[in-house]
Amino acid sequence: MRIVKEQEDKFDVDSDWVMPQLAELLPDGGRLDHEVRKLDNTYFDTPGAGLRVFGITLRRRVGGSETGWQLKIPSGTARTELQSGSRAKTLPRALAEGVEGLLAGESLDPVASIMTTRTAYQLRNADGELVLEVADDQVESGPPDGESTLHTWREVEVELGPAGKKKDLKRARNLLQAAGAAPSSSRTKLDRALGPMSPDGQVSAVEAGTVGELVAAYVVAQCEVLAGNDVGMRTGKPAVHKTRVAARRLRSTLRMFDDVFDAGPAEEMDNELAWYADVLGQVRDRDILSTRLTKQIAELPREQVRGSVKAEITKTLAAEREQAVNRLSKAMRTSRYAHLVQLLRGWRAAPPLTKAAGEETMAAVTYVEKAKKKADKRLRKADDDIERLHRARRATKRARYAAELVEPADSEMKAVARDAEDLQTLLGEHQDATVAANFLATISSRGGGAEGTGFTYGILMANELNRAAQIRASLRS
């Protein structure tokens, strides 16, 4: 299986639209090639649109060198494409394992047939490397049996090549729009063929210019990260940290904007996310400890490192991590996890909002102010209490996420989020040092000081405790 990152722009054009002179986009000494390709695609999904609702598409393509299976997953402004060159009509095992979690117990069936006649213009630099590919697509779509045509349209895709830069994509965008091309109203060809999940591909039943619009956009983003990383973790991508962060962001939104959501569904989602985040955290915590202590040992003077301290720590954390990974893997194959995926589908399509969501966008600032006030209060009352500092860190993190959510409506929130992140990082360092000191105390007691390791463990532990103390002192000043 091959994994590639895809950065592209899509445009809607009329049937009689004229392609502008693409030679204007060529770098010095470059050349313009073109070829016509016939691409027959069969798209697959669950009866509940379990892939498409998250912007994920799975297709089997027949067409020259592109024949095979492709799974496309949104990744910020780009997409990650998992490719298999298998010509079999059955889904290759690697991709089947990748989408297993998102099926949530449902079957995977053909949902549409899309035939594309593509005129591909390849813009290459002086070395023959691909800078951009501009695809002029004549598209026909119909039911999965391919026996009839329901829709026809024309669209243009511009994909960044290995030798291209974002500025090349921007120049192409400007050229095409100047010629009358309009940014696509559909995220994918499948959305165009079947109709968007909701108007303009956005969350349904959310009024523009409201708190609900801001909250729903943030919720949608986290749901898509959780879904995309489900595929990522099942196909070997190191996505535990980003998945855990997305779960935390979503839980934080449920708490900080609690009156914007229906209480019952919000409580259910919070409970399931808390369970999932805990399982993820058991893996992530070992990763943090391993990276931290490996660095600490490397920074010690040679005479202070005695015995097999590094090997003992590495072996212990590796074994604990393997157990945590196994627990995560099992959890992601349970009925409870399938239920969580079903919840994410529903929240991605239509978050359960209340009348409070109808307030104007600037009303969202009050939620940030409330979150910040709570975080500041917790920090003031924390003193040197380790558990209270940890709670202050969590409150600060929620204030940061709330500010991020509101930032599209108020640019001043960017500074609020940045300040909260800085404080969160400091408090996080305090928590990490405290956890590391506790771990060192535990592991050193197991070894009994063999080979003088107790000496090194003592130094490492003292360094962590001193670091935590320095942070507490800085917070008091």
Qualifying residue in the range 361-384 (condition: touching a helix residue (DSSP H, G or I) at 6+ places or on another chain (Cβ under 8 Å), at negative phi, β-branched (Val, Ile, Thr) and surrounded by fewer than 17 Cβ atoms within 10 Å (Cβ to Cβ)): no
In the range 270-286, residue surrounded by the fewest Cβ atoms within 10 Å (Cβ to Cβ) [restricted to those that are touching a Lys or Arg at 6+ places or on another chain (Cβ under 7 Å) and among the charged types (D, E, K, R)]: Asp270
The range 306-315, residues that are open to solvent by 40 Å² or more (accessible area, probe 1.4 Å), in a helix (DSSP H, G or I) and in contact with a helix residue (DSSP H, G or I) (Cβ under 8 Å, 6 or more places away or on another chain): Lys310, Glu312, Thr314
Test for Gly64: is it under 17 Å from the mean Cα position of the chain (by Cα) and either open to solvent by 10 Å² or more (accessible area, probe 1.4 Å) or closer than 20 Å to Lys237 by Cα (or both): no
Residue match in the range 97-112 (condition: assigned to a loop (DSSP other than H, G, I, E, B), at positive phi and either touching a Pro at 6+ places or on another chain (Cβ under 6 Å) or open to solvent by 50 Å² or more (accessible area, probe 1.4 Å) (or both)): yes
Number of the exception - Met413 against (1) crowded, with 18+ Cβ neighbours inside 10 Å; (2) within 30 Å of Arg302 (Cβ to Cβ): (2)
Which listed residue, of Arg118, Arg93, is modelled with pLDDT of 95 or more and either in contact with a His (Cβ under 7 Å, 6 or more places away or on another chain) or under 24 Å from Ala227 (Cα atoms) (or both): Arg93
Inter-residue pairs, beta-carbon under 9 Å, first over 19 Å from Arg61 (Cα atoms) and in the range 120-147, second in a loop (DSSP other than H, G, I, E, B) and charged (D, E, K, R), 6+ apart: Asn125/Asp28; Ala126/Asp28; Val131/Lys165
Filter result for Ala318 (of a type in the set (Gly, Ala, Ser), assigned to a helix (DSSP H, G or I), modelled with pLDDT of 95 or more and open to solvent by less than 50 Å² (accessible area, probe 1.4 Å)): no
Qualifying residue in the range 159-169 (condition: part of a helix (DSSP H, G or I), within 16 Å of Gly30 (Cβ to Cβ) and charged (D, E, K, R)): yes
Qualifying residue in the range 52-60 (condition: surrounded by fewer than 18 Cβ atoms within 10 Å (Cβ to Cβ) and at pLDDT 95 or above): no
Residue in the range 176-189 that is closer than 15 Å to Val134 by Cα, out of contact with any Phe, Trp or Tyr (no Cβ under 7 Å at 6 or more places or on another chain) and of a type outside the set (Asp, Glu) present: yes
Condition met for Arg87 (open to solvent by 40 Å² or more (accessible area, probe 1.4 Å) and over 26 Å from Ala172 (Cα atoms)): yes
Condition met for Gly232 (over 25 Å from Glu359 (Cβ atoms) and not in a helix (DSSP H, G or I)): no
Residue list for the range 17-31, filter: surrounded by fewer than 15 Cβ atoms within 10 Å (Cβ to Cβ) and in contact (Cβ under 8 Å) with a residue 24 or more places away in the chain: Val18, Glu24, Asp28, Gly29, Arg31
Test: residue in the range 298-305 that is among the β-branched types (Val, Ile, Thr) and open to solvent by less than 10 Å² (accessible area, probe 1.4 Å): no
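Tell me which residues, restricted to the range 338-354, are in a helix (DSSP H, G or I) and modelled with pLDDT under 95. Please lay out each step first, then the result.
Taking the range 338-354 as the starting set, the residues that turn out to be in a helix (DSSP H, G or I) are 338-349.
Selection gives Ala349 alone.
The values are calculated or read from the model by the stated rules, or taken from the named source; none is laboratory data. Everything quoted here is computed from the prediction, not taken from an experiment. Positions of Cβ are backbone-derived with ideal geometry, glycine not excepted, and every protein chain shown enters the neighbour counts. Note: areas computed on protein heavy atoms with side chains; ligands, DNA, RNA excluded. Shrake-Rupley method; radii C 1.70, N 1.55, O 1.52, S 1.80 Å.
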